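The values are calculated or read from the model by the stated rules, or taken from the named source; none is laboratory data. From a predicted model like this one, the values you see are computed outputs, not experimental measurements. Glycine gets a Cβ as well: all are built from the backbone with ideal geometry, and neighbour counts include every protein chain shown.
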Amino acid sequence: MESKKTGAVILVCLLLLGCKNISRHDEFRSLKSGEPVPGFTATSRTGKEIRPDFPAGKFFIHFIDDQMGLPCLDLECGKEAEAVVKKKGHLHGAGDGKLAKLFGVKLVSSSPWKFDTSLMVVADEKGRITAIYENAGLKDIDEILKELEL
């Protein structure tokens, strides 16, 4: 009986709410674990410079989602970033087509912005990819930090 309830909840989630399952990858399109994060320079909502390995930190989470809007850094991205900052990491978020394309996320619509997926790319202090999560959201950060023992 429990599996029928779980299946029904998943079905309702998928059909009515558009929920997607998070999946972890070693490779996603042009990205591969162990390789550097694509090179970019962006300016956060409050004018701070963002690069794959800047500002300095123990790790980086690069989050691409069509709901993010302008590039953000750490708490500019939302309260979910607190867990990252407490662990001496940084969260870089963006919802623009330029950064999405660099990370291999495809633009489905430009009015309004809509990507084919959301993507969370975790990198070490040197900017090398350690994990890639497709369909992840800010709400998943705590779970991802636990899984990666960060």
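Okay, residues lined up against (1) outside any loop (DSSP other than H, G, I, E, B); (2) within 14 Å of the chain's Cα centre (by Cα); (3) of a type in the set (Gly, Ala, Ser); (4) more than 12 Å from ASP65 (Cβ to Cβ):
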residue	(1), (2), (3), (4)
VAL122	yes, yes, no, yes
THR130	yes, yes, no, yes
LYS139	yes, yes, no, no
ILE144	yes, yes, no, yes
LEU150	no, no, no, yes
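Among what's in region 10-30 and is touching a strand residue (DSSP E or B) at 6+ places or on another chain (Cβ under 6 Å) and either over 18 Å from ASP140 (Cα atoms) or among the β-branched types (Val, Ile, Thr) (or both), pick the residue that is modelled with the highest pLDDT. Working first, answer last.
Step one: of region 10-30, the residues touching a strand residue (DSSP E or B) at 6+ places or on another chain (Cβ under 6 Å) are 22-25, 28.
Next cut, either over 18 Å from ASP140 (Cα atoms) or among the β-branched types (Val, Ile, Thr) (or both) only: 22, 28.
Details: ILE22: 92, PHE28: 97.
Among those that are touching a strand residue (DSSP E or B) at 6+ places or on another chain (Cβ under 6 Å) and either over 18 Å from ASP140 (Cα atoms) or among the β-branched types (Val, Ile, Thr) (or both), it is PHE28.
Of the residues in region 45-59, how many are buried (at least 17 other Cβ atoms within 10 Å of the Cβ) and farther than 26 Å from LEU148 by Cα? Explain how you work it out, then say what you get.
Filtering region 45-59 down to residues buried (at least 17 other Cβ atoms within 10 Å of the Cβ) leaves 50, 52-53, 57, 59.
Now restrict to residues that are farther than 26 Å from LEU148 by Cα: none.
Final tally of qualifying residues: 0.
Which number in (1) more than 14 Å from the chain's Cα centre (by Cα); (2) within 19 Å of LEU150 (Cα to Cα); (3) of a type outside the set (Asp, Glu) marks the one condition that VAL84 misses?
(1)
Looking at (1) surrounded by fewer than 17 Cβ atoms within 10 Å (Cβ to Cβ); (2) closer than 18 Å to PHE28 by Cα; (3) modelled with pLDDT of 95 or more; (4) not charged (D, E, K, R), which is the one condition that is false for VAL85?
(2)
Does ALA123 satisfy the criteria of being surrounded by 14 or more Cβ atoms within 10 Å (Cβ to Cβ) and in contact with a Leu (Cβ under 7 Å, 6 or more places away or on another chain)?
Here the answer is no, as ALA123 does not meet what is asked.
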